[in-house]
Amino acid sequence: MNINRLDSYIFYSLLALVLVMLCYVALFSEVHYESSESIFHYFHSAAIANHPEVIVNHWGKPLFIVLSYPFTFFGVKGVMIFNSLLMILSSLFAFKIGKKLGFKFAFPLAVFVVFSPVYFRFAQSALTEPLFGFVALLSAYLFFNKKYLWSAIVVSFIIFSRSEGMLFIPIYAVAYLIEKKYWPILGLFFGFVLFALIGFMVDKGLLWYYWDYPYHDSASSIYGTGPFWNYFINQEHITGTPFSYFIAGSFFFIIIKFLVKIRTVFEHKNLVFLALIFIPACIYIFGHSYLWYAGKSASLGLHRIVGGVVPLLAIVAMYGLDSFIKLFNKVNKAVIIQISLLVLCSFFMLKHTFRNRANIILVQPDAKEKLILESIDWIKENELDDRVMYAYQAHYIAEFGGDHFDRINSQIKSGLDNRKHPEEEMKTGEILIWDGHFSPNEGGVYIADLDSNENLIPIAIFEPETPISVYGGGTYFIKIFKRK
């Protein structure tokens, strides 16, 4: 059998199995990966019909909101399926790029893209990292095929999938200049102009992207800072140890190779790999490392951030592995040896990701979420679910059918307007659900103020068996109050 046909046959067979697995995870997961963060993204996607201004919401990511909106008709599971499809498409385009880069076998990309510990979890979320990675790959693939204008138009939207995409725009501009393709540079403004016009139509203004930019340095006062090497020392939980070795080995091989063959850097194939895959992935990770270390741009050092460039890292890892297995080209039964080595690499990656796991659904309810579910059950059992409620934790808003963007007509309201004196906003019998994370850190509502408020009666408290530390200090618990 032809080598390319064999490679494609293995890849597409694996991809079909991966698709089934991702859909299973999306449909049968009990909780979201990254919990409330994921639920809030779903709220944004589902809100377009009633709140069209949400389309140009920085936090929700406009491109994600628009593209995932049709899937919200199937509820939150629909958006999880949307992310699963993006993960599959990222794997597919990583494979196509790999073949164009000359990989003898690129089938491991079906595993490398999807099965790093942090990336596989996105199948049970409404988070935006999979869309970011897909846009990065699709634009690189179009550039590779010399469809320069289309690549520019696609990458022009990357800043609306995640704000870090602003780093990609100048890189692509330089790549077009190197290729002496000047008109596509204008295409880099297409996404910005389109969303500027949408912003104007919903009364946000043409320059809403800058006026409404929410990521400021003040977040470090709440969440602190961390070591520069945060993503590297935690690689076991992010890319996973086997995958990290493949990436690191390829990283040094690539540096040495192109230092020795510096003249080949500007060849089309190498330009795409270095400028649109390798360098952006490095800048993305090291940039976030610096922001977390310096406490800038609301960086929290979250592991999932790296998920945005996992598809790019998969190609980087495969670049080095491909060069390694080609050393066996002249060995007897080279194909069998090469496939066996790549299968072994894929196996070790899978083994690491699913180690000590009894279920392929990696994110199961943790102690905090069990506490939230317990409090929801208590509210229902005590027939309080028909009361007007105030909460900052997304689970309650989702469970009781609240509208995150409508605090007037929604039965369960997203937070309080009068944080210092909630009794002036609440009516007799209404319920306030205070949680130890979002209420103080995001809502500015502190338990000491509520406990000392004689107009609020505590009616239930939920505490974990083992203390749970939260950002900003203190431990996590839930306390429910009723207005006198």
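Details
- Qualifying position, being among the hydrophobic types (A, V, I, L, M, F, W, C), surrounded by fewer than 18 Cβ atoms within 10 Å (Cβ to Cβ) and farther than 27 Å from Lys180 by Cα, among Ala334, Ala317: Ala334
- Subset of the stretch 354-375 [among the hydrophobic types (A, V, I, L, M, F, W, C), loosely packed, with under 14 Cβ neighbours inside 10 Å and either at pLDDT 95 or above or not in a helix (DSSP H, G or I) (or both)]: Ala358
- Test: residue in the stretch 180-199 that is assigned by TED's automatic domain parsing to the domain that holds Phe122, within 18 Å of Asp322 (Cβ to Cβ) and touching a Gly at 6+ places or on another chain (Cβ under 8 Å): no
- No other residue among Asn57, Asn50 is under 19 Å from the mean Cα position of the chain (by Cα), farther than 20 Å from Phe122 by Cβ and of a type outside the set (A, V, I, L, M) apart from Asn57.
- Taking the stretch 53-111 as the range and being among the aromatic types (Phe, Trp, Tyr) and either closer than 11 Å to Leu131 by Cβ or buried (at least 21 other Cβ atoms within 10 Å of the Cβ) (or both) as the test, the residues that pass are Phe64, Phe71, Phe82, Phe93, Phe95, Phe103, Phe105, Phe107.
- Pairing each residue of the stretch 197-210 that is surrounded by 14 or more Cβ atoms within 10 Å (Cβ to Cβ) with any residue that is β-branched (Val, Ile, Thr) and modelled with pLDDT under 90, provided the two are 6+ apart or on different chains, yields C-beta distances under 9 Å for Trp208/Val202.
- Restricting attention to the stretch 417-436, the residues that are crowded, with 21+ Cβ neighbours inside 10 Å and in a loop (DSSP other than H, G, I, E, B) total 2.
- The single condition among (1) under 16 Å from Ser36 (Cα atoms); (2) not in a loop (DSSP other than H, G, I, E, B) that Trp378 does not satisfy is (1).
Residue-wise test of (1) out of contact with any His (no Cβ under 7 Å at 6 or more places or on another chain); (2) over 21 Å from Glu425 (Cα atoms).
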| site | (1), (2) |
| --- | --- |
| Asp385 | yes, no |
| Val388 | yes, no |
| Gln393 | yes, no |
| Glu399 | yes, yes |
| Gly402 | yes, no |
| Arg407 | yes, no |
| Gln411 | yes, no |
| Ser414 | no, no |
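- Qualifying residue in the stretch 263-280 (condition: among the basic types (Lys, Arg) and surrounded by fewer than 16 Cβ atoms within 10 Å (Cβ to Cβ)): yes
- Contact annotation: residue pairs with Cβ atoms under 7 Å, 6 or more positions apart or on different chains, pairing a residue in the stretch 123-148 that is farther than 18 Å from Ile159 by Cα with a partner that is in a loop (DSSP other than H, G, I, E, B) and aromatic (Phe, Trp, Tyr), are Gln124/Tyr33; Ser125/Tyr33.
- Of all residues in the stretch 464-475 being surrounded by 14 or more Cβ atoms within 10 Å (Cβ to Cβ) and either more than 30 Å from Gly295 (Cβ to Cβ) or out of contact with any helix residue (DSSP H, G or I) (no Cβ under 6 Å at 6 or more places or on another chain) (or both), the one that is modelled with the lowest pLDDT: Gly474
- Failed criterion for Ala196 (all others in (1) farther than 23 Å from Trp292 by Cα; (2) modelled with pLDDT under 90 hold): (2)
Residue-by-condition table, conditions (1) in contact (Cβ under 8 Å) with a residue 60 or more places away in the chain; (2) outside the structural domain of Ser35 (by TED's automatic domain parsing); (3) touching a Pro at 6+ places or on another chain (Cβ under 7 Å); (4) among the charged types (D, E, K, R):
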| position | (1), (2), (3), (4) |
| --- | --- |
| Asp385 | no, yes, no, yes |
| Tyr392 | no, yes, no, no |
| Ser410 | no, yes, no, no |
| Leu416 | no, yes, yes, no |
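- Selected residue (criterion: surrounded by the fewest Cβ atoms within 10 Å (Cβ to Cβ)) from residues of the stretch 437-461 that are among the small types (Gly, Ala, Ser) and assigned to a loop (DSSP other than H, G, I, E, B): Ser452
- On the stretch given as the stretch 9-31, residues that are small (Gly, Ala, Ser) and free of Cβ contacts under 8 Å to residues at least 24 places away in the same chain total 2.
The values are calculated or read from the model by the stated rules, or taken from the named source; none is laboratory data. This structure is a prediction, so every number in the text was calculated from the model and none was measured. Every residue, glycine as well, gets a Cβ built from its backbone with ideal geometry; the counts of neighbours run over all protein chains shown.
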